[in-house]
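The values are calculated or read from the model by the stated rules, or taken from the named source; none is laboratory data. Note that the structure is predicted; figures quoted are calculated from it, not measured. Reconstructed Cβ throughout: ideal geometry from the backbone, glycine too, with neighbour counts over all protein chains shown.
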Amino acid sequence: MTARERILTAIFMISLILIPATLPQSSVDAQQFNPSDPRLQSVERAEENFAGSAFYFIDPNYAIPQNYGDIGSDLLAEPGEEAIDGLSRLTQNDRDQTSPAHLIRPMAFRGSAIDNSRALHCLTQAIYYEAGMEPDAGQRGVAQVILNRVRHPSYPSTVCGVIYQGSERKTGCQFSYTCDGSLRRKPARFHWDRSRKVAAEALAGTSYTTVGTATHYHATYVYPYWAPSLRFLGTVGAHRFYSWKGKAGKASAFSQKYRGREPLAAPKPRNYAATAKNGGTSSLDPIALEKAYETARRKAEAEATKSEKKAALQADNARRHDRPAPALDVNAPRSYQAPAYSNEAQAKGGDKAYAGQNLPNVSQIKPEFRNSGTWKKKPGG
């Protein structure tokens, strides 16, 4: 190095030492800011922010649905009800109960280790591809719709079954990402982890009551043909949520039990036999599903009423003729089956020896009152 270069190097080294010493000391305390502090606004929380999140924070009430005048459709008269001006005659108290009728009781979805793993993967995948860029509220709404379907008899009783229903078709599947090639995209780790957190909470029993009994939604930039026929609940994030208008959309209809048995977490092959039973074309239309449910419900109610009347008549007839009354439970066994007695019990007479009239008298009723309520002499005897 030349003398000039050595002088410049020395000056540079001295500057590195002296310049920081001449600057004022910063008083910034890193502990003063916690990105997950609940006192912060949503826009300030790390878990509520993502690419494009500023769009959703323009409206501070983005997660509060607003019903746009669809109240009267819930009050349409059922068959047999007296109607006035096209609406059933309901009291104000009945109208006040409309909202609770659409709140589902929280339920945890638990099965075997394989079931839990598949359900978590499928639900995480659905949240990611359907609402991965939305705030937590939008993701919870999507998760709630999927789990609502699992609990409704009109849909498969598994998480993966609901999500991949109709995936064997090129278009028209229940969730578009299962049949449009979106699964070829590798998920981004950050957004996948956000979706997995929401999915785990939903499967553990955290219910998102904001969307209630919603079973359908669509993006705000489209308007499907079935939207006017369903009960609009409101907009959360980038989706509009709907439930069925009739009894199919009330909480009492979500009676299907979750028993695990999750299928593979993958789309069905194109040659899959799509029948009505396993999610064929005829069972995917929202309007057709509601009609099928209402038809089946009315048929079941009619059969139950007929069976109850028949059982009641048989019991009354038996009492009139002093015969044992048949069981009113329509699910009771039709014939009695004797238990498997031991060899010693069989030697004593088996089932006959243990019949009710042969049991030891352990009643504390006095002998003179034990025949109270029976015929002294049967008519015609």
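Observations
- Cβ-Cβ distances below 8 Å connect the following pairs, each with a first residue in segment 341-366 that is farther than 20 Å from residue 324 by Cβ and assigned to a helix (DSSP H, G or I), a second residue that is at pLDDT 60 or above and not hydrophobic (A, V, I, L, M, F, W, C), and a separation of six or more residues or different chains: 345/354.
- Against the test of being more than 21 Å from the chain's Cα centre (by Cα), at pLDDT 90 or above and either closer than 16 Å to residue 265 by Cα or surrounded by fewer than 23 Cβ atoms within 10 Å (Cβ to Cβ) (or both), the options 180, 193 yield a single qualifying residue, 193.
- Some residue of segment 128-142 being surrounded by 23 or more Cβ atoms within 10 Å (Cβ to Cβ) and of a type in the set (A, V, I, L, M): yes
- Of all residues in segment 262-314 being among the basic types (Lys, Arg) and modelled with pLDDT of 75 or more, the one that is nearest to residue 111 (Cα to Cα): 268
- Of residues in segment 196-210 being in a helix (DSSP H, G or I) and at pLDDT below 90, the one surrounded by the fewest Cβ atoms within 10 Å (Cβ to Cβ): 209
- Once segment 147-164 is narrowed to residues that are touching a residue at least 40 places away in the same chain (Cβ under 8 Å) and in a helix (DSSP H, G or I), the residue that is surrounded by the fewest Cβ atoms within 10 Å (Cβ to Cβ) is 161.
- Restricting attention to segment 165-188, the residues that are under 14 Å from residue 121 (Cα atoms) and assigned to a helix (DSSP H, G or I) add up to 2.
- Tally, over segment 102-146, of residues that are part of a helix (DSSP H, G or I), among the acidic types (Asp, Glu) and under 21 Å from residue 188 (Cβ atoms): 2
- Just one of the listed residues (249, 234) is at pLDDT 85 or above, touching a Pro at 6+ places or on another chain (Cβ under 6 Å) and surrounded by 14 or more Cβ atoms within 10 Å (Cβ to Cβ), and it is 234.
- Apart from one condition, residue 170 fits all of (1) surrounded by 16 or more Cβ atoms within 10 Å (Cβ to Cβ); (2) farther than 20 Å from residue 288 by Cα; (3) at pLDDT below 90; the exception is (1).
- Just one of the listed residues (110, 89) is modelled with pLDDT under 50, basic (Lys, Arg) and over 26 Å from residue 240 (Cα atoms), namely 89.
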